[in-house]
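The structure appears right after this line, and notes come after that.
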Amino acid sequence: MSDGLVAVYPGSFDPITRGHVDIINRAKRFFDKFTVAVAINPRKRPFFSIEERIEMIKEVFRNDPKIEVEAFKGLLVDYLAKKKAQIVIRGLRALSDFEYEFQMALTNRKLYADAETFFLMTSEPFVYLSAAMVKEIARFGGEIECMVPPPVAKRLHDKAKELENADPDKFEGEGFND
Ligand code: ADP
């Protein structure tokens, strides 16, 4: 039996921001199933563990039965085949996102012709919002409440304090990249 139209929104979500939430809310209504797929990338050293990243997204969408949140590793195209997904959702902010996203979309189509990538333009308030920026601001104790959902803001503040107390020297360059 067919699952209808299945979309996958892959990303690092380290952590999920209001920009991601906006993309999910705008995109989900067009699909029967919508999975937020959190990447396990051994090459990246994330600020939040895969479990923490997933928990935060689940907290934000806990009243939304349409949103499924899962970890995935390896090639996105293999994951798409497993999920029988026809659509990949990605967000576009400034022009700077375009080159990378263009390359990814064409490569994924070459590897797996059964899926297409759909792009949503960001909403205006989130044009310059990135997870990397949010982490940098949290690191210096700045206000991040307008950039991330409340449960994420709390965790960012807690984590920043925790890291600072643990070993201030270790803080330098530790996990604040994307
Ligand atoms: P990745 O490591 O795959 O780039 P991210 O978690 O940084 O993962 O982003 C996942 C997707 O969400 C990407 O398509 C990215 O362009 C998009 N995105 C990130 N921030 C925003 C934002 N502020 N507005 C719209 N889309 C965004």
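Every number in this text was worked out from the coordinates using simple rules, so none of it is lab data. This structure is a prediction, so every number in the text was calculated from the model and none was measured. Note that each Cβ is placed from the backbone with ideal geometry, even for glycine, and that neighbours are counted across all protein chains shown.
The modelled label-to-label distance between ASP97 and ASP32, using points 7 Å beyond Cα along the C-beta direction, is 2.8 nm. Among VAL21, PRO10, TYR128, flag the residue with its Cα farthest along the positive direction of the charge dipole of the chain, charges on Cβ as +1 for Lys/Arg and -1 for Asp/Glu. Working it through, the farthest residue towards the positive pole turns out to be PRO10. Net charge of the neighbourhood of ARG26, taken over other residues with C-beta under 15 Å away and scored Lys/Arg +1, Asp/Glu -1, is +3.
Take 150-156, 25-31 and order them by the average number of nearby Cβ atoms within 10 Å per residue, most first; the result is 150-156, 25-31. Measuring nothing but how far apart in sequence close Cα pairs (under 8 Å, 6+ apart) lie, relative to its length, the chain scores a relative contact order of 28 percent. Prolate is the label for the stretch 77-169, because the ratio a/c of its alpha-carbon gyration tensor axes (a ≥ b ≥ c) is 1.5 or higher and a/b is greater than b/c. The phi torsions of the stretch 130-135, fed into the Karplus equation with coefficients 6.51, -1.76 and 1.60 and a -60° offset, translate into couplings of 9, 4, 4, 5, 4, 5 Hz, rounded to whole numbers, with Gly and Pro shown as x.
Listed by chain and number, the lysines whose C-alpha is less than 19 Å from the C-alpha of LYS28, apart from same-chain residues fewer than 8 away, are LYS58, LYS66, LYS83, LYS84. Averaging the inverse of every distinct alpha carbon separation and then flipping it gives the Kirkwood radius. What is it for the stretch 20-76, in angstrom units? So the Kirkwood estimate lands at 12.3 Å. Length gained on full extension, ASN165 to TYR128: 10.3 nm, using 0.36 nm per residue less the C-alpha separation. Dipole magnitude for the chain: computed about the Cα centre from +1 point charges on Lys and Arg Cβ and -1 point charges on Asp and Glu Cβ, it is near 560 debye. Residues ARG43, ARG109, ARG62 in ascending order of nearby Cβ atoms (within 10 Å, fewest first): ARG43, ARG62, ARG109. Under a Gaussian network description of the chain, with springs only between Cα atoms under 10 Å, the residue in GLU145, GLU70, GLU124 that fluctuates furthest is GLU124.
Of all the Cα-Cα pairs you can form in the chain, what percent are over 30 Å apart? Mind showing how you got there, number by number?
On the way: 2806 of 15753 pairs.
When all Cα pairs of the chain are counted, 18 percent exceed 30 Å.
Proximity of backbone amide H atoms, modeled 1.01 Å from N, is registered between LEU129 and no other residue at under 5 Å, excluding neighbours fewer than 5 places apart on the same chain.
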